[in-house]
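What follows is calculated from the coordinates using simple rules that are stated; it is not laboratory data. Quick caveat, the model's predicted, so the values are computed rather than measured. Don't worry about glycine lacking a Cβ; one is built from the backbone with ideal geometry, like all the others, and counts go over all protein chains shown.
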Amino acid sequence: MQSSVAERRPQSFERVLSSMCTEPHPAARRAAERFLATNPGDPATYATIAALEREAVAGLAEVTGLTGVVADADPESLAAHGYVTSGGTESNVQAVRSARDRADTGASGDPVVVAPESAHFSFHKAASVLGVELRTVPTDADGRADVDAAAAALDGDAVLLVGVAGTTEYGRVDPIPALADLAVDAGVPLHVDAAWGGFHLPFSDHDWGFAVDGVDTVTVDPHKVGRAAVPAGGLLARDRGALDALAIDTPYLETASQASLTGTRSGAGVASAAAAMEELWRDGYRAEYERASDVAEWLAGELHGRGLRVVDPELPLVAFDLPDATFEAVRERGWRLSRTGADEARIVVMPHVSRASLTAFLEDVDDLL
Ligand SMILES: *Cc1c(COP(=O)(O)O)cnc(C)c1O
């Protein structure tokens, strides 16, 4: 017989190597618990969580560089430029929806979204739900969006170009400035998906966020590297018009309109995102970026030293060839490991993934190889 729910416990993160979720920061966990019974979808009734959402959006605006481009960047005015979503999927769906609905309707066929083939599968969901065509274009040999291929795919039906800053499979950062130039020339907005990479990139040399002219909207997930509790995603927009395009009238709530896709939504995620950023922006996130990058470099060297082919890490995510039998055997020893579409094993160096846990993993690999 199954034990009761009260007797069961979640998994330990000790052997979780491929997930983009992690142990929330203790302050984020406590905030999530305190705000469990709140609904930021109805901000006039739930005013405290609504204020925390404005603070969370202001935090995300700092992370993505939006604060530098919005003249009057206090939390009240920034609130019109973004909201805390349920995750990267909702953010991407909403970015596509906003672009579709803001586009001139002179298009001859279905509206088209052009994205590199490395784009997250949430764009396929967006296309399916929104009746747009997702036109994926090849990446270069290194896994980054091919700018010429994207240029060739942009025609009169295009309503949005997508760039990824930290791909889910390889942690690659697309050439965002070149994609932004292209988008401006083609007269379409550029959406940057930094769901995973967004909390690492401010400390890297990459140009990726609103500091790049032509970047219109950005996805960034507090519930991944941001160390908030699930669910906490973020959608940010340079112009408030991108959010206005999403607003729907809400007759029976105390507030007159709503831009989120979900109705009732988690105040736990919102409070937890605000708490995590209060604790960790900027120094805590910088320290984690540096720690994780060092661990990824070290891991890549260790794997390479064992004669395994490694995809050179750009952000703290390491993909490498592992024989099928070894892959299955390490999984049987409890390691949670997944593969890329090209069958490499992939380790995301999240905050819970340490040199000590990876040393134990490598011992198992040595034992099995
Ligand atoms: C994880 C991820 C998503 C999806 O985010 P969810 O929070 O899982 O919905 C979208 N894009 C990228 C690049 C991601 O890594």
| query | Charges only on Cβ, +1 for Lys and Arg, -1 for Asp and Glu: so what's the dipole of the chain about the Cα centre, in debye to the nearest 20? | reply | 1200
| Short version: ³J(HN,Hα) in whole Hz for each residue of the range 122-128, in order, from phi by Karplus 6.51 cos²θ - 1.76 cosθ + 1.60 (θ = phi - 60°), x for Gly and Pro, what are they? | 4, 5, 5, 5, 4, 4, 5
| note | The set of residues whose placed amide H lies less than 5 Å from the amide H of LEU317, leaving out same-chain residues fewer than 5 positions away, is VAL349
| note | In deg cm²/dmol, rounded to the nearest 500, the helical mean residue ellipticity at 222 nm of the chain, built from -39500 (n - 2.57) for every DSSP H run of length 4 or more, is -11500 deg cm²/dmol
| remark: Rounded to whole Å, √(5λ) for the Cα gyration tensor eigenvalues of the range 17-158, largest first, gives 33, 20, 16
| field | Hz values of 3J(HN,Hα) by residue in the range 64-75 - Karplus curve (6.51, -1.76, 1.60), Gly and Pro given as x | value | 8, x, 5, 4, x, 10, 8, 4, 9, 8, 7, x
| Taking every eigenvalue of the Cα gyration tensor of the chain, multiplying by 5 and rooting it, what semi-axes result, largest first, whole Å? | 33, 27, 18
| Cα centroids of the range 304-369 and the range 193-256: how far apart, whole angstrom? | 31
| query | Want the number for ILE248 to LEU36: 0.36 nm per residue separation, take away the alpha-carbon distance, what's left? | reply | 73.8 nm
| task | Report the percentage of all Cα-Cα pairs in the range 283-368 whose separation exceeds 15 Å, rounded to a whole percent. | result | 56
| request: Output ³J(HN,Hα) for the range 48-62: one whole-Hz value per residue in order, computed from phi by the Karplus curve 6.51 cos²θ - 1.76 cosθ + 1.60 with θ = phi - 60°, and x for Gly and Pro. | output: 5, 5, 5, 5, 5, 5, 4, 5, 5, 5, 4, x, 5, 5, 5
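Convex hull over the alpha-carbon atoms of the range 1-98: what's its volume per residue in Å³?
Here the figure is 191 Å³ per residue.
Counting other C-beta atoms within 10 Å, which of PHE210, PHE13, PHE320, PHE121 has the fewest, and how do the rest follow?
Least to most surrounded, the residues fall as PHE121, PHE13, PHE320, PHE210.
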| query | Which order do peptides 171-184, 66-79, 306-319 fall in by mean Cβ count within 10 Å, highest first? | reply | 171-184, 306-319, 66-79
| said: Report the Cα centroid-to-centroid distance between the range 27-64 and the range 169-192 in angstrom, as an integer. | reply: 30
